[in-house]
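Colleague: Submitted below is the structure of interest, expressed as structure tokens.
The values are calculated or read from the model by the stated rules, or taken from the named source; none is laboratory data. Just so we're clear, the structure is a prediction, and the values are computed from it rather than from any experiment. Positions of Cβ are backbone-derived with ideal geometry, glycine not excepted, and every protein chain shown enters the neighbour counts.
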Amino acid sequence: MANVASPRVLNVADLRRLAQRRLPRVVFDYIDGGADAEVTLGENCRVYDGITFRPQHAVATPTCDLSTTVLGTPVQVPFLLAPIGSSRMFWPRGEEVAAREAGKAGTIYTLSTLSGCRLEDVKNATSGPAWYQLYLVGGLDAARAAIDRARAAGFSALAITIDTPVSGLRERDFRNGTKQLLERGPGMLRYLPQVLSRPRWLADFLGDGGLMSFPNIVVPGQGAHPYADITAALEQTTVTWKDFEWIRKAWGGPVLAKGVLTGEDGRRAVDAGAAGVIVSNHGARQLDCVSPTLRALPEVVDAVNGRAEVLLDGGIRRGSDVAKALCLGAKAVLVGRAYAYGLGAAGGPGVARAIEILRTDLIRTMKLLGCPSVRSLDRSYVDLPYAWQYERRTASAL
Ligand SMILES: Cc1cc2nc3c(=O)[nH]c(=O)nc-3n(C[C@H](O)[C@H](O)[C@H](O)COP(=O)(O)O)c2cc1C
């Protein structure tokens, strides 16, 4: 098991390096990569560098309260674990392992529809609250079956992903032969060396049963959705606002729209009954050259205007990134790759270390800012880049 203690692992980039060492390239790149030229992938992280802090010095902050609520649910830290499909490929029973660590940290785990573990087992694995992320793979009947199971299992909210009318072009997956490896035909042979070069991962993967199906996508009368078909299946899963309302009614509890990037979509989501809006570009894996999410956040916060909670994901690698997103109006954030690297590097201890890094970073940042509670973070603690201020002035003059 990889050692993830300090000083070997001080930040998320260290976990990323360890994940790269343990995982075959095809799996590591599936986590790490983005769409097309990966412009937004870089921007999602870089945009945080342009926000500068305005600390209040000579303020005693002996305690630092990281707790908040998300859709009325108390959480101990203002970051949740985002839905990451196929986590079971990174570590045996990966979704259960990650959910368990989220529960221990007092936060919410969001389970992807594209999970290799049964949703009931994932909910049982965590002592904390959990959300279910819904894709319409398999059609409305399969969605209805998953919704009913998720409700019965105790998931407390549904995150409906609205940014996948087709799958983004993730060039690394093509170059690494993802399709050929999943098809397991003769075409896979030239891509096999990358898998064989990671014997420890391979032993874990085979010990966990090898390539899994998707046990939470069950078309009534048929079995679980097979793994290999998923890219094609995603292309038939566009969620329209009409579908969104259908899902909300079928669920009967709070729903969030995941994948909002403009004020207009923020308003549409609220009109369609969303209790929460997740400003997200799917970790830069769908349409390249969209705004980095932090840049889109103020517009969405203004448009939603308190009628729903606004969350954000994308590019969060440090606790100071969490603080900046909260200063710009996010109620909380979701982290994706930060914990996925930890899971791929070392399983549960890797996820726990990712959470710990973000938690201790955030406490340090808050103390240095002179701010006692994450609920008090606001615009007074940051300066926006000059270009943002200029754009806002120009927009309001038009
Ligand atoms: C490997 C991987 C798989 C993902 N799978 C899903 C998914 O199944 N459903 C979904 O809504 N979002 C999915 N996402 C997007 C994340 O939920 C989240 O929006 C994104 O990872 C946030 O950006 P970050 O990785 O920079 O934190 C995935 C992201 C990654 C990296």
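Colleague: Name every residue in region 304-326 that is within 16 Å of the ligand (Cβ to nearest atom) and of a type in the set (A, V, I, L, M, F, W, C), in order of residue number.
Modeller: Those that are within 16 Å of the ligand (Cβ to nearest atom) and of a type in the set (A, V, I, L, M, F, W, C): VAL310, LEU311, LEU312, ILE316, VAL322, ALA323, ALA325, LEU326.
Colleague: For LEU358, indicate whether it is out of contact with any Asp or Glu (no Cβ under 9 Å at 6 or more places or on another chain) and either of a type in the set (A, V, I, L, M, F, W, C) or at pLDDT below 95 (or both).
Modeller: no
Colleague: Checking ARG170 against (1) more than 15 Å from the ligand (Cβ to nearest atom); (2) surrounded by 13 or more Cβ atoms within 10 Å (Cβ to Cβ); (3) closer than 20 Å to SER115 by Cβ; (4) among the charged types (D, E, K, R), which test does it fail?
Modeller: So the condition that ARG170 fails would be (1).
Colleague: Can you tell me which residue among VAL301, VAL333 is of a type in the set (Val, Ile, Thr), at pLDDT 95 or above and either within 13 Å of the ligand (Cβ to nearest atom) or in contact with a His (Cβ under 9 Å, 6 or more places away or on another chain) (or both)?
Modeller: Among VAL301, VAL333, only VAL333 is of a type in the set (Val, Ile, Thr), at pLDDT 95 or above and either within 13 Å of the ligand (Cβ to nearest atom) or in contact with a His (Cβ under 9 Å, 6 or more places away or on another chain) (or both).
Colleague: Here's something else I'd like to know. Answer with yes or no whether ALA352 is assigned to a helix (DSSP H, G or I), in contact with a helix residue (DSSP H, G or I) (Cβ under 9 Å, 6 or more places away or on another chain) and either among the hydroxyl-bearing types (Ser, Thr, Tyr) or surrounded by fewer than 17 Cβ atoms within 10 Å (Cβ to Cβ) (or both).
Modeller: So ALA352 does not fit the description; no.
Colleague: In region 98-134, how many are among the small types (Gly, Ala, Ser), within 18 Å of LEU158 (Cβ to Cβ) and away from the ligand (no atom under 12 Å from the Cβ)?
Modeller: Number satisfying all stated conditions: 4.
Colleague: Step by step: first the residues of region 246-268, then only those that are under 16 Å from LEU71 (Cβ atoms) and of a type in the set (Lys, Arg), then the one that is farthest from the chain's Cα centre (by Cα). Which residue is that?
Modeller: ARG248
Colleague: Just to be sure I understand, how many residues within region 222-263 are closer than 13 Å to ALA275 by Cβ and at pLDDT below 95?
Modeller: The total comes to 0.
Colleague: Take residues that are within 16 Å of the ligand (Cβ to nearest atom) and tell me which of the strands (runs of 3 or more DSSP E) falling wholly in region 1-84 contain 3 or more.
Modeller: Of the strands (runs of 3 or more DSSP E) lying wholly inside region 1-84, those with at least 3 residues that are within 16 Å of the ligand (Cβ to nearest atom) span 79-81.
Colleague: Which of the strands (runs of 3 or more DSSP E) found entirely inside region 93-172 contain at least 1 residues meeting this: in contact with a Gly (Cβ under 6 Å, 6 or more places away or on another chain)?
Modeller: Because the criterion is at least 1 residues that are in contact with a Gly (Cβ under 6 Å, 6 or more places away or on another chain), the strands (runs of 3 or more DSSP E) in region 93-172 that meet it are 157-161.
Colleague: Would you mention how many residues in region 97-142 are of a type outside the set (Gly, Ala, Ser), under 20 Å from PHE79 (Cβ atoms) and out of contact with any strand residue (DSSP E or B) (no Cβ under 6 Å at 6 or more places or on another chain)?
Modeller: Qualifying residue count, region 97-142: 4.
Colleague: Does region 215-237 hold any residues that are more than 14 Å from LEU140 (Cβ to Cβ), among the small types (Gly, Ala, Ser) and either in contact with a helix residue (DSSP H, G or I) (Cβ under 8 Å, 6 or more places away or on another chain) or not in a strand (DSSP E or B) (or both), and which are they?
Modeller: Once the filter is applied, which keeps residues that are more than 14 Å from LEU140 (Cβ to Cβ), among the small types (Gly, Ala, Ser) and either in contact with a helix residue (DSSP H, G or I) (Cβ under 8 Å, 6 or more places away or on another chain) or not in a strand (DSSP E or B) (or both), region 215-237 yields GLY221, GLY223, ALA228, ALA232.
Colleague: Continuing with the same structure: Contact list please: Cβ distance under 9 Å, first residue in region 330-353 and over 28 Å from ALA296 (Cα atoms), second residue more than 16 Å from the ligand (Cβ to nearest atom) and in a strand (DSSP E or B), pairs at least six apart or on different chains.
Modeller: From region 330-353, no pairs qualify.
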